[in-house]
Amino acid sequence: MTNTVGIVKEKDFTFGKNEDDALILDSGKRLLDVNLRYETYGTLNKSRNNAILIQHALTGSAHVAGYHSENDRKPGWWNDMVGPGKAFDTDKYFIVCSNCIGGCSGSTGPRSVNPETGKRYNLSFPVITIADMVRAQYRLMKHLNIPKWLTVAGGSMGGMLVLQWVLDYPDKIDNVIAIATSPKHSPQAIAFNWVGRESIMNDPRWDNGNYEDEFPENGLATARMLAHITYLSEKSMDIKFGRKLRKLKNYAYNFSHNFEVESYLEYQGQTFVERFDANSYLYITRAMDYFDVTADFDGDLNKAFENIKTKFLVVSFSSDWLYPPTESRKIVKALRSSNVDVTYCNIDSHYGHDAFLLEAGTLGKLITGFLDANYLT
Amino acid sequence: MENIILRQDLKEISNLVAPKSKVLDLGCGNGSLLAKLRSEKDVIGSGIELAQERIIKCTEKGVPVVQENLDDGLCQFKDNSFDYVILSKTLQSVQRPDHLLKDMVRVGKKAILSIINMGFYRLRLQLLFTGRMPESKTLPYHWYNTPNTHLGTIKDFQLLCSSLDIKIIREIPLNENSNSLTKFFPNLFATTSVFKVTKN
């Protein structure tokens, strides 16, 4: 456990006890009794200007770094990047990460109990958007008494949350780091999400979202396997698996997993259902589909960023085909036309979209430089 | 901030930049020139660079830089977006120097370039006496592995400018030990020359 933040505790912040305090959603609906599960690392300084908000991706959680107990086998999801002396240096910065609403890792989501009925929301949970998630985080920001974020940073869906923060609370952020993300969800990404949701909703155990004892594991596992392929690249799969057979000398001439890559995907699907909820998967992927920063600006990205002053670090990965470099370049182009200070790097990597979790070396150096330069000045 | 010591041509380039102006540095390397201009002249400066390692160096200096290939041109920028567009000792290694030069004076009100001079007498003598392609401190490559595929002389650059209807406002011929020979016979005695140009 050297060089980590060590044992960390989860915290909860609940708001929306009454109608006046409710979270008002893009759909026009209201959410009462909203809980945000969050974790913090490092110390908020006296001037309260060293706070960084880290955003997780689709299936992430508030647990970015460290361990919950000494028996934990795995640390938080971005442990390589967050800790003493690391890119998000917990000796310097106060790091906050919260589980998004709609999630299933502690924050209010479709499996939470509706205070008005005493039963689980399931499909009566309102459809949420990325902006709704940000709105909830803004409540947490006020609760923590943080006047301004030094940085808001995240990859993939986390990058969408970053962009949404800039649009909705531009004067509450000094600078942002948007990694492997997109200004709007592409038709290709929407299509993959659709198939994933169809797989869940066609599982008989899903039961219109009202599953209790038996979970729609098959549907969710298939959704995850499909999604997992989109996180890799042709080359990374070739390097990792090739056409290697799984514990076989020759083809088995059947349809069980013959190839390494097949058993890997099956394993990914199985471990996923142990930690993630099917209804949450529906809600969060939907929020991503609806994401489009240009929606209120006639589809014009330049207009969306017209009055932005926030400094940007934009990073993409050369082999990412889910949120390809061309999407990041669109963001960079629009920012430059608004005279925003923007740094962009397309990191050379064969890991595909997953690179944002795996390329800690190069990504770490970029982030370290960017944060240091902006924190000192 | 660390004390940045600039290369001779970059020093001359930085002298030509007016305070508080808007600058784009093409192939900005590790960002030294931009860092100096930003801190000493309060310019709004950003760069374009291809190499990942150099982008990291720029980031450490707080210099905004975008990863791009100069051969893709500057079409993402509108006309006159910058007061100055800078290109130091790089024109010779792009695919089409003429296209880039035209683009520079389009997006910049002014362009500042430093040019390697193949007309420098020592290089001429090398070719004359050894019969081989010249190599020097500024040209450390062999003919077969050099990125400098479009080397020219000061005279060549002047002719290119006039053929593209580009006006030369300032010309500063340089040599490690600049003297009156460098000044009066630049095409023979300057190793490098800095040009400030604009569209006519």
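Annotations for the structure displayed:
- Region A:56-101, residues that are touching a residue at least 60 places away in the same chain (Cβ under 8 Å) and not in a loop (DSSP other than H, G, I, E, B): A:Tyr67, A:Val82, A:Gly83, A:Phe88, A:Asp89, A:Ser98
- Any pair with Cβ under 8 angstrom, 6 or more apart, that starts in region B:181-200 at a residue that is basic (Lys, Arg) and ends at one that is part of a helix (DSSP H, G or I): B:Lys196/B:Leu16; B:Lys199/B:Val105; B:Lys199/B:Arg106
- Within region B:52-74, restricting attention to residues that are more than 10 Å from chain A (Cβ to nearest Cβ) and either farther than 14 Å from A:Tyr344 by Cβ or of a type in the set (Phe, Trp, Tyr) (or both), the residue that is surrounded by the fewest Cβ atoms within 10 Å (Cβ to Cβ) is B:Asp71.
- Checked against (1) in the same structural domain as A:Phe88 (by TED's automatic domain parsing); (2) in contact (Cβ under 8 Å) with a residue 40 or more places away in the chain, A:Asn210 passes all but a single condition, namely (1).
- Inclusion of A:Tyr169 among residues that are surrounded by fewer than 24 Cβ atoms within 10 Å (Cβ to Cβ), among the hydroxyl-bearing types (Ser, Thr, Tyr), at pLDDT 95 or above and not assigned by TED's automatic domain parsing to the domain that holds A:Ile347 is not warranted.
- Of all residues in region B:75-91 being of a type in the set (Ser, Thr, Tyr) and in a loop (DSSP other than H, G, I, E, B), the one that is surrounded by the fewest Cβ atoms within 10 Å (Cβ to Cβ): B:Ser81
- Exactly one residue out of A:Phe305, A:Phe297 is more than 30 Å from B:Lys57 (Cα to Cα) and not assigned by TED's automatic domain parsing to the domain that holds A:Met237: that is A:Phe297.
- The criterion of at least 3 residues that are touching a helix residue (DSSP H, G or I) at 6+ places or on another chain (Cβ under 9 Å) and under 30 Å from B:Asn80 (Cβ atoms) is met by the following helices (runs of 4 or more DSSP H) wholly inside region B:104-195: B:154-163.
- Counting the residues of region B:161-187 that are aliphatic (A, V, I, L, M) and surrounded by fewer than 17 Cβ atoms within 10 Å (Cβ to Cβ) gives 4.
- One residue alone among A:Glu262, A:Glu266, A:Glu274, A:Glu306 is under 22 Å from the mean Cα position of the chain (by Cα), surrounded by fewer than 21 Cβ atoms within 10 Å (Cβ to Cβ) and among the charged types (D, E, K, R), and that residue is A:Glu274.
- Region B:2-43, residues that are at positive phi and either surrounded by fewer than 22 Cβ atoms within 10 Å (Cβ to Cβ) or not in a loop (DSSP other than H, G, I, E, B) (or both): B:Lys20, B:Gly27, B:Gly29, B:Asp42
- Residue match in region A:185-197 (condition: at pLDDT 95 or above, in a helix (DSSP H, G or I) and of a type in the set (Val, Ile, Thr)): yes
- Check on B:Ser39, within 11 Å of chain A (Cβ to nearest Cβ) and of a type in the set (S, T, N, Q): yes
- For the residues A:Thr59, A:Thr14, the requirement of being of a type in the set (Ser, Thr, Tyr) and in contact with a Phe, Trp or Tyr (Cβ under 7 Å, 6 or more places away or on another chain) singles out A:Thr59.
- Condition check for A:Tyr281: surrounded by 24 or more Cβ atoms within 10 Å (Cβ to Cβ) and away from chain B (no Cβ under 14 Å): yes
- Residues of region A:19-46 that turn out to be at pLDDT below 95 and in a loop (DSSP other than H, G, I, E, B), as a count: 0
Yes or no, residue by residue, for (1) surrounded by 13 or more Cβ atoms within 10 Å (Cβ to Cβ); (2) touching a strand residue (DSSP E or B) at 6+ places or on another chain (Cβ under 8 Å):
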position: A:Glu10; (1), (2): yes, yes
position: A:Lys17; (1), (2): no, no
position: A:Asp33; (1), (2): yes, yes
position: A:Glu39; (1), (2): yes, yes
position: A:Lys46; (1), (2): no, no
position: A:Asn49; (1), (2): yes, yes
position: A:Ala65; (1), (2): yes, yes
position: A:Asn79; (1), (2): yes, no
position: A:Ala87; (1), (2): yes, no
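- Region A:60-76, residues that are out of contact with any Cys (no Cβ under 9 Å at 6 or more places or on another chain) and closer than 20 Å to A:Asp12 by Cβ: A:Gly66, A:Tyr67, A:His68, A:Ser69, A:Asp72
- Meets criteria (surrounded by fewer than 22 Cβ atoms within 10 Å (Cβ to Cβ), more than 11 Å from chain A (Cβ to nearest Cβ), in contact with a strand residue (DSSP E or B) (Cβ under 9 Å, 6 or more places away or on another chain) and not aromatic (Phe, Trp, Tyr)) for B:Val94: yes
- Scanning region A:228-283 for residues that are of a type in the set (A, V, I, L, M), in contact (Cβ under 8 Å) with a residue 60 or more places away in the chain and under 30 Å from A:Tyr121 (Cα atoms) gives A:Ala278, A:Leu282.
- Leading residue by the ranking (surrounded by the most Cβ atoms within 10 Å (Cβ to Cβ)) among those in region A:125-140 that are among the β-branched types (Val, Ile, Thr) and touching a residue at least 60 places away in the same chain (Cβ under 8 Å): A:Ile128
- The lone exception for B:Asp25 - which of (1) within 11 Å of another protein chain (Cβ to nearest Cβ); (2) closer than 24 Å to A:Phe370 by Cβ it fails: (1)
- Remark: B:Glu49 falls outside the filter, which requires a residue to be away from every other protein chain (no Cβ under 14 Å) and under 29 Å from B:Asn175 (Cβ atoms).
- Residue list for region B:108-118, restricted to those being surrounded by 19 or more Cβ atoms within 10 Å (Cβ to Cβ) and touching a residue at least 40 places away in the same chain (Cβ under 8 Å): B:Gly108, B:Lys110, B:Ala111, B:Ile112, B:Leu113, B:Ser114, B:Ile115, B:Ile116, B:Asn117
- Which numbered condition A:Ala153 fails, given (1) touching a residue at least 40 places away in the same chain (Cβ under 8 Å); (2) out of contact with any Phe, Trp or Tyr (no Cβ under 8 Å at 6 or more places or on another chain): (2)
- Residue among A:Arg197, A:Arg205 that alone is without any contact (Cβ under 8 Å) to a residue 40 or more places away in the chain and basic (Lys, Arg): A:Arg205
- Total residues in region A:111-124, condition crowded, with 17+ Cβ neighbours inside 10 Å and not aromatic (Phe, Trp, Tyr): 5
The values are calculated or read from the model by the stated rules, or taken from the named source; none is laboratory data. Please read these numbers as outputs of a predicted model, since none were measured by experiment. Cβ sites come from the backbone with ideal geometry, for glycine too, and all protein chains shown count toward neighbours.
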